[in-house]
Amino acid sequence: MIKKIAEYLAILIDKLYADKTIEEPKKIVLHTILKNDLTAKLKSNEQEILFGCGCFWGAEKGFWRLPGVISTAVGYAGGEKESPNYREVCSGLTGHTEVVRVVWNNNEIDISDLLKLFWECHDPTQGNRQGNDRGSQYRSAIYTTSEDQFGKAIESKNSYQKELQNNGFEEITTEIKNNIKFYFAEDYHQQYLAKPGSRPYCSAMPTKVTFKNFNGANFKLNERIWSNYNWDISHCILRGENTPIESN
């Protein structure tokens, strides 16, 4: 009898400790434009990556418009604090930067295309700021989710550094790391620029230097797609449509 009680208590204790490691199920939040679940598990033909390029409102819109992008979401990454909120991140004390999580279909778009948009849509030489937004939460960053992605991110940085130096810019300050935890931002930040009553804002200051190529690149998007982004126009992202760019 005592043995059975001991076994029963052991099962209860194991269950209690096991439950503490289980995350509460996240509610379904649909992408305002793409209509996909922001927390959906990746399919076999999909990958994800995190990009930090200034205020995440404008950055997210730039990525959700690309053909082949399945979903985007804004959030925080690169710091120490668990489950930070917007006010904490804005304090600059959490170590996190504002990022965009991009999920894409490998068959339709390549990481090369995403890196092209990343490098061209902001100034990666500004350190802890982007435009008028100052603080470590606005630093440029690429957080990859595989060694292959990491290698291509480094190669793309080295290539773009040469282009920037040829045009009078300083060293790239972009932080590139692999397997960094992502925390979703509050719901009202998700696809902010597509929501009624939103304040049109984007802090990014593109260098207007074209990103050309890098070792291992495999671009899939054509020039017609890129013609929808004109960095000569101030805050180009804000002026474009919210709808995805047609691939044909």
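Just so you know, all these numbers are worked out from the coordinates, no wet-lab data involved. The structure displayed is predicted, hence computed values, not measured ones. Here Cβ is always computed from backbone atoms with ideal geometry, including for glycine, and neighbour counts include all displayed protein chains.
In 10 Å bins starting at 0, how do the alpha-carbon pair distances of the range 26-239 split up by percent?
Histogram of Cα-Cα distances, whole percents per bin: 9, 37, 40, 14, 1.
Got a sec? How would L50, L93, L164 order by Cβ neighbour count within 10 Å, fewest to most? Please report the intermediate quantities before stating the final value.
On the way: L50 23, L93 15, L164 20.
In increasing order of surrounding Cβ atoms, one gets L93, L164, L50.
Hey, how many Å between the Cα centroid of the range 220-237 and the Cα centroid of the range 94-166?
Here the two parts' Cα centres lie 17 Å apart.
Once both axes come from the Cα atoms, what is the angle between helix 147-166 and the longest principal axis of the chain, in degrees from 0 to 90, rounded to 10?
Tilt of helix 147-166: around 30 degrees.
Run the quick spin-label model on E147 and N132: label points 7 Å from Cα toward the beta carbon, then report their separation in nm to one decimal.
Each label point lies 7 Å from its Cα, and together they span 4.6 nm.
Loop only by DSSP, 15 or fewer other Cβ within 10 Å of the Cβ. Give me the GluC sites (Glu not before Pro) in the range 165-248 that pass, ordered by residue number.
Details: sites: E170, E171, E175, E186, E223, E241, E246; in loops: E170, E171, E186, E241, E246.
When the GluC sites (Glu not before Pro) of the range 165-248 are filtered for loop state and at most 15 Cβ neighbours within 10 Å, E170, E171, E186, E241, E246 remain.
Please identify the GluC sites (Glu not before Pro) of the range 38-129 that satisfy two criteria: DSSP loop assignment and at most 11 other Cβ atoms within 10 Å. Which are they? Mind showing how you got there, number by number?
Details: sites: E46, E48, E60, E80, E82, E88, E98, E108, E120; in loops: E80, E82, E108.
Those that pass, being in a loop and sparsely packed, are E80, E82.
Cross-link candidates for K195: which aspartates and glutamates have Cα within less than 16 Å, leaving aside residues fewer than 8 places away along the same chain?
E60, E186, D187, E241
Helix 2-19 against the longest principal axis of the chain: what's the angle in degrees, Cα atoms only, rounded to the nearest 10?
Approximately 20 degrees, to the nearest 10.
Just need the relative contact order of the chain here, percent rounded to a whole number, with Cα pairs under 8 Å and 6+ apart. Display every interim value, and only then the final one.
Numbers: 462 pairs, mean separation 61.9, N = 248.
Worked out over the chain, it gives 25 percent.
For the range 26-239, what is the charge dipole size about the Cα centre, in debye to the nearest 20, if Lys and Arg each add +1 at the Cβ and Asp and Glu each add -1 at the Cβ? Let's see the in-between values first.
Working: 26 positive and 25 negative charges, 98 e Å.
About 480 debye.
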